[in-house]
Amino acid sequence: MFRFFKRGNQARRVLLLGLDCASPRLVFEQFKNDLPTLSSLMDDGTWGILKSSIPCITVPAWASMTTSTDPGTLGIYGFRNRAAYDYDSLFVADGRYVKEKRVWDYLGEAGKKSLVFNVPQTYPVKPVDGHLVSGFLTPDTKSQFAFPAIFKSEVLKQVPDYNFDVRDFRNVERSELYQQIIDMTNAQYKLLEHALKNKEWDFAMQVNIGVDRIHHAFWRYHDPEHRLHEADSPFRNAILDYYKLVDEWLGRLIAVAGDETTIIIASDHGVKRMDGAIAINEWLWQNDWLALKQSPEKITKFSNDMVDWDNTRAWSTGGYYGRIFMNVAGRESQGIIPAEDYEAVREQLAAEIRAIPDDKGQALNTSVFKPQDVYRSVNSIAPDLMVYFGDLHWRCVGSLGYGKHYTLENDTGPDDANHAEEGMFIIHNPKKPGKGQVEPYQLMDITPTILSLMGVDSPAHLQGKIIST
């Protein structure tokens with residue numbers, strides 16, 4: 001299967017099938033024998049770990065992959081970002097905030113046509129030399145989600161029940177949610193199959209968000225090490241069955257793409273079980289970094305109006321990783337940390353955060369990052385500190401009123417999994433045998449690799465390198 005070796009390395013076409021959150025452990029090891037398509041690609045291809053961005057979350061990871069620039073250069077640090085140095089201005093980082101050219105833009109300049117389907121941060125839509133259907137941040141099918149605009153009617157004719165995501169996936173009953181994920185996946189792949197057959201293209205890319213949703217919602221049933229594991233649950237094989245469905249679809253799509261097409265499978269990050277959450281604002285409050293106007297009497301969502309800013313040095317927001325903001329004099333309107341003390345205070349806060357224990361008082365393996373240390377440049381307004389609690393087995397919640405610095409429940413609804421720093425990639429070039437398993441690469445390496453495969457020079461400012469296949 002997929003043995004199409006020929007002379008020369010340049011691909012006539014490249015098809016990138018993205019699997020948001022796909023786990024290298026599942027694909028390469030645990031599920032390998034149940035995934036004939038992916039296994040065949042591995043057998044004849046080049047594959048390995050694809051290290052994610054910091055932070056390892058969907059936004060900005062896919063934008064980092066498709067621009068070959070890091071989140072600091074992009075100026076995007078998550079779904080919601082500070083818009084100004086005040087206490088309440090936030091923006092959702094949709095497609096308008098990706099200012100760097102993406103891989104299909106470079107290909108378009110070289111005269112090559114693209115199909116771009118369901119890639120995060122492509123809504124609102126921008127012109128592409130080819131056809132585009134926007135990603136999971138798209139509100140619904142009433143919006144203008146396609147380019148060219150006339151393509152929208154064709155999409156809805158082919159798939160009238162088209163969905164961009166499963167909404168409120170944390171709070172939907174599990175059986176209903178599972179069917180919604182299946183239906184969304186079938187609809188999105190059906191449309192991609194139609195476009196691969198009927199549209200002119202040199203490069204095609206689609207991102208499956210369903211893998212991410214299935215992990216977050218069903219990981220407890222899959223992972224025996226999860227504290228809420230239910231070995232006899234009817235959902236115990238939900239994740240395996242979903243991977244098998246995806247694998248079947250990948251086989252169909254690859255067959256349609258044809259023997260001259262190089263196939264790339266890639267995930268933006270991996271997955272880990274979630275053991276709990278650090279109530280970061282609760283901890284900041286208990287440790288005199290955050291001052292409140294009054295003590296919360298029950299679990300309360302964090303809001304800026306509950307803060308005594310004149311006596312606050314730091315605050316945070318919840319998420320799969322922690323984002324810590326400091327209240328700096330001359331920067332924030334009510335800042336109190338003297339600018340000349342900023343670095344010393346930041347280092348003190350980082351040290352104290354690293355020492356936060358788990359629910360049993362044991363040490364957590366927590367990593368704290370300073371943006372200036374991990375990015376080539378820092379644009380927009382970055383967090384002062386970025387935190388991976390407990391080797392990412394713990395997430396961060398922003399709510400207060402727990403009476404302790406941790407919680408075993410997520411404040412936005414049940415969630416079984418966190419993200420992992422390591423995603424995966426497989427490259428199958430039909431013109432030559434691959435190298436098998438190789439050293440880890442970084443997701444910014446995908447764009448230069450695509451450009452190289454298609455005979456297009458990479459701009460000098462790209463941060464990634466070409467993956468040797």
For region 374-459, dividing by residue count, accessible area per residue (probe 1.4 Å) in Å² works out to 32 Å²
Listed by chain and number, the lysines with an alpha carbon less than 18 angstrom from that of Lys142, same-chain partners under 8 positions apart left out, are Lys126, Lys152, Lys157
In degrees, nearest 10, the alpha-carbon axis of helix 174-198 is tilted away from the dominant principal axis of the alpha carbons of the chain by 40 degrees
For region 278-289, in residue order, the Karplus 3J(HN,Hα) values (coefficients 6.51, -1.76, 1.60; θ = phi - 60°; whole Hz; Gly and Pro = x) are 8, 7, 5, 5, 4, 5, 4, 5, 5, 10, 6, 8
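Considering only the other residues whose Cβ falls under 15 Å of the Cβ of Asp308, what net charge follows from Lys and Arg at +1 and Asp and Glu at -1? Let's see the in-between values first.
On the way: positive: Lys293, Arg313; negative: Asp288, Asp305, Asp310, Glu332.
Computed value for this residue: -2.
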For Lys32, counting only aspartates and glutamates whose alpha-carbon sits under 15 Å away and dropping same-chain residues fewer than eight positions off, the answer is Asp43, Asp44, Asp241, Asp247, Glu248
Helix 210-222: inclination vs the chain longest Cα principal axis, degrees, rounded to 10, gives 70 degrees
Between Glu248 and Val92, the two model label points (7 Å from Cα along the beta-carbon direction) sit apart by a distance in nm of 3.4 nm
For region 271-342, the Cα gyration tensor yields equivalent-ellipsoid semi-axes (√(5λ), largest first, whole Å) of 24, 16, 9
Extension length gain for Ala83 and Glu200 (0.36 nm per residue less Cα distance), in nm, is 38.2 nm
Rounded to the nearest Å, the spacing of the alpha-carbon centers of region 200-256 and region 360-401 is 28 Å
Once Leu115, Leu137 are ranked on solvent-accessible area with the largest value leading and a 1.4 Å probe, the list reads Leu137, Leu115
Taking a probe of 1.4 Å and leaving out DNA, RNA and ligands, region 34-176 shows per residue an accessible area in Å² of 37 Å²
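When the solvent-accessible surface of protein heavy atoms is calculated with a 1.4 angstrom probe, in what order do Glu332, Glu100 fall, highest first? Write down the numbers at each step before the final one.
Working: Glu332 5, Glu100 55 Å².
The ranking, largest first, comes out as Glu100, Glu332.
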Filtered hits (aspartates and glutamates, Cα-Cα < 18 Å from Lys404, offset >= 8 within chain) -> Asp275, Glu282, Asp288, Glu297, Glu352, Asp358, Asp359
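Heavy atoms only, probe 1.4 Å: what % of the accessible area of the chain goes to carbon and sulfur, would you let me know?
47 percent
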Taking Lys and Arg as +1 and Asp and Glu as -1, residues besides Glu230 with C-beta under 15 Å from its C-beta add up to +1
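The values are calculated or read from the model by the stated rules, or taken from the named source; none is laboratory data. Everything quoted here is computed from the prediction, not taken from an experiment. Backbone-built Cβ (ideal geometry, glycine too); neighbour counts: all protein chains shown. The area values use the complete protein model at the heavy-atom level, side chains included, leaving out ligands, DNA and RNA. Shrake-Rupley method; radii C 1.70, N 1.55, O 1.52, S 1.80 Å.
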